[in-house]
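Each reported figure results from applying straightforward, stated rules to the coordinates on display, with no laboratory input. None of the values given here were measured: they were computed from a predicted structure. For neighbour counting, all protein chains shown are included, and Cβ atoms are generated from backbone atoms with ideal geometry for every residue, glycine included.
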Amino acid sequence: MKNKQPLVSIITPSYNQGNYIEQTLRSVLFQDYPNIEYIVIDGGSTDNSVSVIEQYQDRLAFFVSEKDNGQSDAINKGFQRAKGDIVAWLNSDDVYTEHAVSRAVAALAKCPGCGFVFGNVLSIDMQSNVFNTMTFGDWGLQDLMRFKIISQPGLFMHKQALDDVGFLNPDFHYLMDHHLWLKIASRYPVQYIDEFWAAARYHPEAKNLTGGAHYGKEAFKLYEWMLSHPKLADISRQNQRKIESGAYHLQAHYLLDSGQNWKALMSYLNAAIRNGSIFLSDYQRMGFALLNSIFSVDQMRKSYLEKRSREIQSQNYERFLKYINKN
């Protein structure tokens, strides 16, 4: 049965995530899909990561721990070794949900011409408690060009599409995944599946919390790249204001999360000037940015997030938590 199923190559880049990597490894190794090639590329961790990985080395297709040139370089090393028809990567603090791989394979089988399929992603804290949900939609190339962001752990690619467009560009350190999605979507259709396939972990060292303004800078760098891309240049010029609005909106999101409230507010205003619908879609975060620029309402925002977390945890994620805690 194993040999009749497409081989799925999963790469985990790792660096000093010893507190979380075992859950990552087990969330892959205990999938119900029978034909997984699991590749772990460690960047020379100085914590207990290597000793944890070595406990599972006999179940890995490949493992190395050596100094590299960052996350993109590590993932590209994995891509070069991947033999699967389907490829994904899972960072060393994130986890798959139960049946994620088999569901993704089934989705790609129904869309053989797709470059990739992507599902929804849960947000979890340091203790694996679900505190938010990231749901997407039937997004295509133009949506991605406007910086509608897909959460990377919930995406699976056809290897042929990856090989056609090339691997991650190491010049991007924060939006290298979105750059890759744009390259693939410029050549292939993509498909959204309304299922939760992964959970992204948020903790104090996570790049999405420490990156701040870097995400915005890379968004505008991506916009410049679009303007020079043969297949994207005309679309970019025709949708200039919406693309710029999306870049400012993305920048505002990460600035607010990193506590740079005034800069976040200015970015929100720049986004709204170019696309007024931003006021409707993100008014709560804009309100927090405004109030926190004048007063100190961090406690109010914290209370709001805690309330939202309780509401989400009251929903039916027990199966996910049981799967993660079991593994």
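For the reader, a short list of remarks on this structure follows.
- Here the residues V40, V190, ranked from fewest to most Cβ neighbours within 10 Å of their Cβ, fall in the order V190, V40.
- Cβ crowding within 10 Å, taken as a proxy for footprinting-reagent exposure, orders H179, H158 from fewest neighbours to most as H179, H158.
- Using distinct alpha-carbon pairs, which all enter the 1/r mean, Kirkwood radius of segment 1-80 in Å: 12.9 Å
- Computed extension length for N129-S281: 52.1 nm, one decimal, from 0.36 nm per residue of separation with the Cα-Cα distance subtracted.
- Most to least packed among 168-174, 19-25 [average Cβ atoms within 10 Å]: 19-25, 168-174
- Pairs of Lys in segment 2-204 closer than 18 Å at Cα, counting only those 8 or more apart or on different chains: 10
- Ranked packing of 144-151, 246-253, most packed first, by mean Cβ within 10 Å: 246-253, 144-151
- Here K263 is the anchor, and the aspartates and glutamates within straight C-alpha reach of less than 18 Å, apart from those fewer than 8 places off in the same chain, are E218, E244, D282, D298.
- Helical mean residue ellipticity (222 nm; -39500 (n - 2.57) per DSSP H run of 4+; nearest 500) of the chain: -14000 deg cm²/dmol
- Counting Lys and Arg as +1 and Asp and Glu as -1 over every other residue whose Cβ lies under 12 Å from the Cβ of W197, the net charge comes to -3.
- Amide H partners (placed H, <5 Å) of N132, local residues excluded: S123
- The chain: antiparallel DSSP beta bridges as a percent of all, rounded to 5: 30 percent
- Sorting 217-223, 66-72 by average packing, meaning the other beta carbons within 10 Å per residue, from highest down gives 217-223, 66-72.
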